[in-house]
Amino acid sequence: YIKFIKYNKIMDINDIISALKLTTEFQENMRSILGKESHYRGIVFPQEISEHIIIHILRNINKIDARWCKDRGAPISGDGYIPDNDFIVKLKYMKSNVKLSIEYTGLKKLEFKFFTSNGPCSFGPKEKWDTIYFLDGLNYQDYKFKLYEIPLSNVSEEWKNLKVNKTETFADQASVGRRPRIKFDSIMSQLSNNCQLIWEGDIREFIKD
């Protein structure tokens, strides 16, 4: 076996705060230019910022080696993951060639959701995860966030039975290829025993002197 250490890099906390400041300033300038009576909906909050905020919280508070799926060399697609000894390359020598295979063991897939309003979160019907995190950005203009952890996979019975509306569950909609949409408050009330607030505060506290 040959073991490789993969490249893994996340945004520096100072870069995250700078990007967050620019995003906030842009939103405020647009509202000022268009006026209070306009129906300006605002830009979609960059996932590169929200996902790295989650990763920094997990690394600093929970001491979890969370990594970004969109980084070079990531073994899976999606939002984030927790590796298990990175990966191992297996070489099997045949008569005329060499067969190579890569084995990932114990890899944990993380799903990240972020919201800045009380509107519903949207889920791809085929999205898979082992643990899901919800980042509350209702006060992101003040650099304040809350991070919730729900240690349930998308195929757990508790998650599949989430009520999306009065007659349908998460699994009902996902099984026919629809995107389930549900507010975080509803998820939290239905899964209260599994929904834990793991951090609340000002993201600037992660700046190291």
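General remarks:
- Surface exposure of segment 50-146, expressed per residue as accessible area with a 1.4 Å probe, stands at 51 Å².
- The phi torsions of segment 115-123, fed into the Karplus equation with coefficients 6.51, -1.76 and 1.60 and a -60° offset, translate into couplings of 9, 10, 8, 8, x, x, 8, 10, 10 Hz, rounded to whole numbers, with Gly and Pro shown as x.
- The angle between the Cα long axis of helix 47-60 and the main principal axis of the chain comes to about 70°, on a 0 to 90 degree scale.
- Extending 7 Å from the Cα toward the beta-carbon at both Phe45 and Asn62 defines two label points whose distance is 1.8 nm.
- Taken over segment 105-179, the convex hull of the Cα atoms encloses 106 Å³ per residue.
- Positive-pole candidate from Ile198, Ile150, Asn139, dipole of the chain, charges at beta carbon: Ile150
- On the chain, 49 percent of the accessible area sits on carbon and sulfur atoms, based on a 1.4 Å probe.
- The HN-Hα couplings worked out from phi for segment 125-131 by the Karplus form 6.51 cos²θ - 1.76 cosθ + 1.60 (θ = phi - 60°) are x, 10, 5, 10, 7, 9, 9 Hz, whole numbers, x standing for Gly and Pro.
- Rounded tilt (10° steps) of 13-34 against the dominant C-alpha axis of the chain: 40
- Cα-Cα separations in segment 53-185 greater than 19 Å, expressed as whole percent: 59
- Taking Ser38, Ser117, Ser153 in turn, the Gaussian network model of the chain (Cα-Cα springs below 10 Å) assigns the largest fluctuation to Ser38.
- Distances between placed amide hydrogens fall under 5 Å for Lys183 paired with Cys121, all partners being 5 or more residues away or on another chain.
- For Leu162, residues with placed amide H under 5 Å, excluding near neighbours: Phe170, Ala171
The values are calculated or read from the model by the stated rules, or taken from the named source; none is laboratory data. Keep in mind that this is a model prediction, so the values were computed, not measured. Methodologically, a virtual Cβ is constructed for each residue, glycine included, from the backbone with ideal geometry; neighbour enumeration extends over all protein chains shown. With ligands, DNA and RNA removed, areas are computed over all heavy atoms of the protein, side chains included. Shrake-Rupley method; radii C 1.70, N 1.55, O 1.52, S 1.80 Å.
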